[in-house]
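To keep things clear, I will list the structure first and then write my remarks on it.
The values are calculated or read from the model by the stated rules, or taken from the named source; none is laboratory data. Computed from a predicted model, the values in this text were never measured in an experiment. We place every Cβ from the backbone using ideal geometry, glycine too, and count neighbours over all the protein chains shown. For accessibility, only protein heavy atoms count, side chains too; no ligands or nucleic acids. Shrake-Rupley method; radii C 1.70, N 1.55, O 1.52, S 1.80 Å.
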Amino acid sequence: MEYHNPLTPNIDQVDYETLKAICLDLQDKVSKSIKVEQTLIQTRNELDAELNRFRLMQEFGDMALRTTSVDAFGEITAEYFSAIFNLPKIAIYRFFPHQREGKLLFAFGFADDISAHKLVIPPEKLPAGAMIFPPIRACGSYLEFLQLSTFVVSPLHNPGEQCIGLIVAGATTEDAKYFDPIDDKVLSSFNVMTRNAGLILQHILTTFQLEQEIEERKGVEAQLRQSQQALENSNEELESKVELRTLELMNANAELQKEIEDRKRIESQLAIRAAELMRSNADLEQFAYVASHDLKAPIRNIASFVQLLQLKLQGLLDEETQEYLQFTVSAVHQINNLIEDLLHYARVGQNDVAIDLVDLNTTIKVVREHLLTMIEEQKAEIHCQVLPRIKANSGQMLQLFQNLLENAIKFRKVDQPPVVRIHATQEDGYYRILLQDNGIGIAPEYRDKIFAIFQRLSLSNPYGGTGVGLAICKRIMERHHGRIWVESEEGQGSRFFLEFPC
Ligand code: ADP
């Protein structure tokens, strides 16, 4: 059976008008279908682009997740954003909320180095989602240094919705030819992409930070172990040092103990010896005193009888016998003097001497009177400054100054009359009295010797004496808790120093 379209009129039966109407209808249908086809093609292209974006976004996710450093993330993110959204300039910042600062992670497409610029973002200026800013003034001056004429700003949020970074993507007027302003559909992709980028950045930061923290902790632990080891070592060293030191101290202590014991033994021996010495000294003194005292009477008898003999036999004896008698007389005188001096010496040692306040000026005055003949004979000059009053035994002071002045005049230089100067100073806690003469002086080797008993520098010296005078002076000074010494050079005079406690 022949197919027959009821709508299609039988050509033989249609007239021209109908045919024209049919043609116009057909024409209209064809142009509509072309339009539909074009729309379909455009939709397919858009779908393709969306698919391509979707694929790239997935790829970005895969790539960015594999990055091990924030820098690598920045690089990949900038590349993908630029490629997917056809944006020629991209800057990615990491945001530090406490400082309100964005630190540039990566910049792409900028001619100048923008890292030197600080991106200080007040929190109220942080965009909630991706936002397009046609004129730069619209977002204030904080992004001005990027010199973009149209740009998208989008925050990178972490899963807790906190802003951890910022993406700025845009173009300058010169870039306009490459740049299609983002439409609403693309903007939503941009939002999805920045959200992913935020999550990935957070992931990298925590992993990276964790790794860093682990590394740091490892370093700290190693350092701790090292310092613990060092501490243990130094402890051990210290302990061994302490042990050594303790040992040394113990040894030193033992030595010290031994030394103390030795010293104690020696001290007690010395004390015994000193006591023995004191006793024997006292015995000796007593003996010397008694002996010299008891010798005095017979010697005086011998002297008187020899003198009587001399008188009686005067003119009857030959010259030689007379000379013998004369020797005997002077020997007896010598013995008498020695005994006298010994007695003086022994008396100084006696304990019962009275201590008074003695005016030494008076002492010197009396001594001058005692030595008047000697002073006049020798034309001696005695210059005495004002002397102090001291606590002493007046008799012993007389003896002391008489001995010293007598010596100063006696040991004069042959060609010079003796000149003696006496003066006193008060030092810290004592009086110092100086007797200075212009006599023959004393050689250094004898300075100490002359204070010993019976010490005379030359037995055959023409000055006479028994060698007891200075020993008596020394004894007197010791009895007064003072001291005596001499400074002198031979031929230069002598300086006798006396020191009395105040
Ligand atoms: P003496 O005067 O009886 O010899 P001293 O004990 O007084 O004994 O003196 C001892 C010695 O010291 C003297 O023999 C003398 O050599 C010396 N001497 C003492 N005083 C002086 C002095 N002022 N100048 C020089 N020599 C002195």
Six or more apart or on different chains, Cβ under 9 Å: which pairs go from a residue in the stretch 142-153 that's among the acidic types (Asp, Glu) to one that's not in a loop (DSSP other than H, G, I, E, B)? Could you list them?
Glu144/Ile136; Glu144/Arg137
Please name all residue pairs, on different chains or six or more residues apart, with Cβ atoms under 6 Å, provided the first residue is in the stretch 394-407 and is more than 14 Å from Ile355 (Cβ to Cβ) and more than 11 Å from the ligand (Cβ to nearest atom) and the second residue is among the polar types (S, T, N, Q) and assigned to a helix (DSSP H, G or I).
Leu398/Thr363; Phe401/Thr363
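Matching residues to (1) crowded, with 18+ Cβ neighbours inside 10 Å; (2) of a type in the set (Asp, Glu); (3) within 20 Å of Gly493 (Cα to Cα):
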site: Leu360; (1), (2), (3): yes, no, no
site: Ala392; (1), (2), (3): yes, no, no
site: Leu400; (1), (2), (3): yes, no, yes
site: Leu405; (1), (2), (3): yes, no, yes
site: Ala408; (1), (2), (3): yes, no, yes
site: Thr425; (1), (2), (3): no, no, no
site: Arg432; (1), (2), (3): no, no, yes
site: Gly439; (1), (2), (3): yes, no, yes
site: Ile450; (1), (2), (3): yes, no, yes
Within the bounds of the stretch 417-427, is there any residue that is within 55 Å of the chain's Cα centre (by Cα), modelled with pLDDT under 90 and either assigned to a loop (DSSP other than H, G, I, E, B) or away from the ligand (no atom under 12 Å from the Cβ) (or both)?
yes
Given (1) farther than 30 Å from Leu205 by Cα; (2) modelled with pLDDT under 90; (3) surrounded by 10 or more Cβ atoms within 10 Å (Cβ to Cβ), index of the condition Ser69 fails:
(1)
Residue that is farthest from the ligand (Cβ to nearest atom) [pool: residues in the stretch 463-484 that are in contact with a strand residue (DSSP E or B) (Cβ under 7 Å, 6 or more places away or on another chain) and open to solvent by 50 Å² or more (accessible area, probe 1.4 Å)]
His481
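One line per residue, one yes/no per condition, for (1) closer than 20 Å to Phe500 by Cα; (2) among the polar types (S, T, N, Q); (3) touching a Lys or Arg at 6+ places or on another chain (Cβ under 7 Å):
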site: Val348; (1), (2), (3): yes, no, yes
site: Val358; (1), (2), (3): yes, no, yes
site: Asn361; (1), (2), (3): yes, yes, no
site: Ile364; (1), (2), (3): yes, no, no
site: Leu371; (1), (2), (3): no, no, no
site: Pro417; (1), (2), (3): no, no, yes
Could you tell me how many of the residues in the stretch 370-388 are within 30 Å of Gln426 (Cα to Cα) and either touching a residue at least 40 places away in the same chain (Cβ under 8 Å) or not hydrophobic (A, V, I, L, M, F, W, C) (or both)?
8
Test each condition in (1) away from the ligand (no atom under 11 Å from the Cβ); (2) open to solvent by 70 Å² or more (accessible area, probe 1.4 Å); (3) modelled with pLDDT of 95 or more for Val414 and report the one that comes out false.
(3)
